[in-house]
């Protein structure tokens, strides 16, 4: 029974159905209060639902059982930071991360941001969180879905994407990984403008220049 519920809990988390994930993990914990995996999953679900106090208490229960648990240790630090900054919008439900990060040559790329923003905000980022790609002058920045600055793309990639975006290319982006020192963003081309239909979004090497006309 517990193994079946574990699978359901994991599936709920992968599809960002946090209310269902909370319910299932609480059912597992009702049977075994020392189930560290379920406790960690419950803390995550509570955090995504904005229940920071409950998330913190749940992570502390894990540490009471295993004081060196890395997931709970990181989570406690995250919940402390979350209490000091506005909550990030929840990740959209209904899309599994395995599908979200499906790679397509020339159409997808993982980039690492530079000039990172507020460290407290970055500690709240999770894989799968939606990211906005915004052209600002000569730069291309990455922001949360509620317009908070995360970081920006390196100049060569920014110059390339800026031209494509200005010629009607469209991209979706998600957090791939995040730590205080590094944020990886997964970019995917979802529409190619008619003027740049022959231009690859993410070639092996970024071209120095091209004329879309």
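Where a number appears in this text, it was derived from the coordinates with a stated rule and is not lab data. In this text, all values refer to a predicted model and were calculated from it rather than measured experimentally. Reconstructed Cβ throughout: ideal geometry from the backbone, glycine too, with neighbour counts over all protein chains shown.
If you look at the Cα atoms of the range 158-203, you get an Rg and a Dmax of 12.4, 39 Å. The orientation-averaged projection of the convex hull spanning the C-alpha atoms of the chain amounts to 12.7 square nanometres. Relative to the current alpha-carbon distance between residue 154 and residue 112, full extension at 0.36 nm per residue lengthens the span by 14.3 nm.
By counting other Cβ atoms within 10 Å of each Cβ, how are 34, 73, 143 ranked from fewest to most?
Placing the least packed residue first, the sequence is 34, 73, 143.
Quantify how much of the Cα-Cα distance distribution of the range 96-204 extends past 18 Å, in percent.
Details: 2639 of 5886 pairs.
Taking all Cα-Cα pairs of the range 96-204, the fraction more than 18 Å apart is 45 percent.
Shown here is the pair-distance distribution of the range 2-82: with all Cα-Cα distances grouped in 5 Å bins from zero up to the longest one, the shares run 3, 19, 29, 24, 19, 5, 0 percent. All C-alpha to C-alpha distances of the range 109-161, sorted into 5 Å bins beginning at zero, yield P(r) values of 4, 20, 33, 26, 13, 4, 0 percent in whole numbers. Look at 18, 79 and count the other Cβ atoms within 10 Å of each Cβ; fewest to most, that gives 18, 79.
Helix 70-82 and the longest principal axis of the Cα set of the chain meet at an angle near 70°.
Mean residue ellipticity at 222 nm from the helices of the chain, using -39,500 (n - 2.57) per DSSP H segment of n ≥ 4 over the full residue count, to the nearest 500 deg cm²/dmol? Result for the chain: -12500 deg cm²/dmol, rounded to the nearest 500. Compute the angle between helix 18-31 and the longest alpha-carbon principal axis of the chain, please, reported from 0 to 90 degrees and rounded to the nearest 10. So the helix axis and the longest Cα principal axis differ by about 30 degrees.
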